[in-house]
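Each remark here refers to the structure printed beneath this line.
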Amino acid sequence: MYQPIDPEFFRQPVLELAPSLLGQYIVHETPEGLAAARIVETEAYHGPEDRAAHSYNNRRTKRTEIMFGNPGLVYTYQMHTHTLMNVVAGPEGTPHAVLIRGAEPVDGLALMQQRRGEHLRIPDLTNGPGKLSKALGVTMKYYGNRWYEEPLFIAPGPGLGGELMTGPRVGIGNTGEAVHYPWRFYEAGNPFVSKYR
DNA sequence: GGCAAGATTACC
DNA sequence: GTAATCTTGCCT
């Protein structure tokens with residue numbers, strides 16, 4: 001049904017990988033069933049030179065360690081009570097990553113509703129990074145996994161359904177110059193794109 | 001709009 | 001020890 005994408009896909013600069021991920025599927029297979037969504041919003045984090053990145057100035061900790069590894073690795077981390085998903089970009093050894101912020105459900109909608117809450121409006125199931133992780137059933141146990149291997153993987157999708165938009169990233173208000181970098185990528189007009197607060 | 005939840009990490 | 005963070009949901 002869904003096939004993991006070629007590992008070579010991830011071997012590209014983070015500012016190219018971030019928009020390339022738009023329109024691809026993110027798929028999670030569990031005993032409860034399969035959930036899949038088409039990615040409509042991402043953000044690039046440019047490791048060493050990006051004050052908003054966890055890996056700014058090559059900061060290497062137990063948490064950021066994974067970003068120094070191969071492109072295509074799964075970088076998950078906890079933000080307060082939520083799990084956020086990142087894709088490690090190339091080249092190997094540079095701590096660059098793409099945050100997946102929003103996606104449109106295409107399979108397993110009932111399962112996502114079960115995980116998120118039955119009476120939410122549909123866009124609220126997955127229009128934010130923490131919401132998306134919960135809807136797909138992604139937890140910290142996937143830290144260090146590969147985005148091109150089951151049961152959690154990226155699959156080739158139909159591409160963008162609207163105009164590609166760029167803009168400043170969300171939630172990084174205190175990072176000086178980096179605040180203005182237009183490294184957020186999303187599909188114009190899509191209701192599954194997250195909102196500023 | 002305010003604020004708490006509560007993992008990880010930096011800095012005092 | 002204290003504060004900040006790539007967020008969300010509930011309260012007023």
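Using a simple charge model, +1 on the beta-carbon of Lys and Arg, -1 on the beta-carbon of Asp and Glu, nothing else, what dipole does the stretch A:4-68 show about its Cα centre, in debye to the nearest 20?
My answer is approximately 360 debye.
Based on other C-beta atoms within 10 Å, arrange A:Thr166, A:Thr94 from fewest to most.
Ranked by crowding around the Cβ, least crowded first: A:Thr166, A:Thr94.
Counting pairs on different chains as well as pairs 8 or more places apart, how many Lys pairs in chain A have Cα atoms under 23 Å apart?
4
Give me the one-decimal nm value for the distance between modelled label points at A:Thr81 and A:Asn57, 7 Å along each residue's Cα-to-Cβ direction.
Using points 7 Å along Cα→Cβ, the separation is 3.3 nm.
What is the distance in Å between the Cα centroid of the stretch A:167-182 and that of the stretch A:33-77?
The two parts, judged by their Cα centres, are 16 Å apart.
For a protection proxy built on the mean count of beta-carbon atoms within 10 angstrom, sort A:55-61, A:183-189, A:143-149 highest first, please.
Descending packing order for the listed peptides: A:183-189, A:143-149, A:55-61.
Give, in nm to one decimal, the length gained when the segment between A:Glu163 and A:Ala110 is fully stretched (0.36 nm per residue of separation minus the Cα-Cα distance).
16.2 nm
Under 1.5 on a/c is rounded, so check that first for the stretch A:1-154, then, if it is not, pick prolate when a/b is larger than b/c and oblate when it is not; a ≥ b ≥ c are the square roots of the alpha carbon gyration tensor eigenvalues.
In terms of gyration-tensor shape, prolate.
With a 10 Å radius around each residue's Cβ, average the other Cβ atoms per peptide and rank A:35-41, A:113-119, A:4-10, A:156-162, highest first.
Going by the mean number of other Cβ atoms within 10 Å, highest first, we get A:35-41, A:4-10, A:156-162, A:113-119.
Given the rule -39500 (n - 2.57) for each run of at least 4 DSSP H residues, summed and divided by the residues of chain A, what is its mean residue ellipticity at 222 nm, to the nearest 500 deg cm²/dmol?
For chain A, the value works out to -3500 deg cm²/dmol.
The numbers here are math on the coordinates, done by the rules we state, and not lab data. None of these values were measured; they are calculated from a predicted model. Backbone-built Cβ (ideal geometry, glycine too); neighbour counts: all protein chains shown.
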